[in-house]
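Enquirer: Starting off with a structure, shown below.
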Amino acid sequence: MIYKIIDLAYKYGYDTPEAFSKAFRKQHGVTPRDARKGIGKLQSYNRMTIQVNLKGVEPMKYHIVERDAFQVVGLKNEVSCEESTEAGIPGIQELWREAQQNGTVNRLLELDNGEITGLLGMSVDNSKQKNELVYWVAAEYSGNLPPGLFSLEVPESKWVNFEVRGQVPEAIIRTWKKIFSEWFPSNSYEHAPAGTPSFEVYTNLDPASPDSYSEIWVPIK
């Protein structure tokens, strides 16, 4: 449901729509009208919960993206989520090492010709086995399938795109936890059904850098 600005203003205690729009722009840097068009990035101060520590204090920078279907190419492997640790899933780490050692990473960087610039770490929850997923090291690519690689058609969907800043994989793991423990409980969106992949975008050639910039895309409905 799309609410009118005047209805939102009165709902949240503003005297006029202009006062609401002014406060919205001060908080997010864009007007409500631009936000509806997907212009700019919003900040989400998630619902605070008092446990051992205080959550939801630091804003998560994100924006909503709608994409038509697109193709990725790369390597893939089935990995078990049951082997997950604080450092990640071993099967995923092994696939990245393989892709780096056999030259696939450099090859994907050369093939990358889509709207998303960077290497993709893509998780597809369509395995026949419970607690398993198909993980891809890939790049968005339009063209004939290159030899030695697999291709995946990513369906048309809507994603929420989160900014991630910091050393990989620690910053990625930390942000994934906040997405499901803080962002989803504080927003009206739901995680899209299995079949539409979630993925990480790595744009920095030195992911171990404390200034590394990455993204997490989560399909939503």
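The values are calculated or read from the model by the stated rules, or taken from the named source; none is laboratory data. Since this is a predicted model, take the numbers as computed values, not measurements. Counting neighbours? That spans all protein chains shown, and the Cβs are built from the backbone with ideal geometry, glycine included.
Enquirer: Mind checking whether some residue in the stretch 116-138 is aromatic (Phe, Trp, Tyr) and under 24 Å from ILE64 (Cβ atoms)?
Expert: Yes, because at least one residue in the stretch 116-138 is aromatic (Phe, Trp, Tyr) and under 24 Å from ILE64 (Cβ atoms).
Enquirer: Here's a check for you: in the stretch 110-160, which residue that is among the aliphatic types (A, V, I, L, M) and without any contact (Cβ under 8 Å) to a residue 60 or more places away in the chain is surrounded by the most Cβ atoms within 10 Å (Cβ to Cβ)?
Expert: Filtering first and then ranking leaves LEU133.
Enquirer: For the structure I just gave you, tell me whether SER212 is surrounded by fewer than 20 Cβ atoms within 10 Å (Cβ to Cβ) and closer than 24 Å to LEU109 by Cα.
Expert: So SER212 fits the description; yes.
Enquirer: In the stretch 42-70, how many residues are modelled with pLDDT of 80 or more and out of contact with any Leu (no Cβ under 7 Å at 6 or more places or on another chain)?
Expert: Counting residues in the stretch 42-70 that are modelled with pLDDT of 80 or more and out of contact with any Leu (no Cβ under 7 Å at 6 or more places or on another chain) gives 11.
Enquirer: Further, regarding this structure: Testing GLU163 on (1) modelled with pLDDT of 95 or more; (2) within 15 Å of SER198 (Cα to Cα); (3) more than 15 Å from the chain's Cα centre (by Cα); (4) not aromatic (Phe, Trp, Tyr), one condition comes back false. Which one is that?
Expert: Result: GLU163 passes all but (3).
Enquirer: Please find, within the stretch 161-204, the residue that is farthest from VAL218 (Cα to Cα) out of those that are buried (at least 20 other Cβ atoms within 10 Å of the Cβ) and acidic (Asp, Glu).
Expert: Per the criteria, the residue is GLU182.
Enquirer: Still on this structure, please answer the following. For SER188, all conditions in the list (1) in a loop (DSSP other than H, G, I, E, B); (2) closer than 24 Å to GLN93 by Cβ; (3) not β-branched (Val, Ile, Thr) hold save one; what is the number of the exception?
Expert: (2)
Enquirer: Which one is farthest from GLU82 (Cα to Cα) among residues in the stretch 119-142 that are of a type in the set (Gly, Ala, Ser) and modelled with pLDDT of 95 or more?
Expert: SER142
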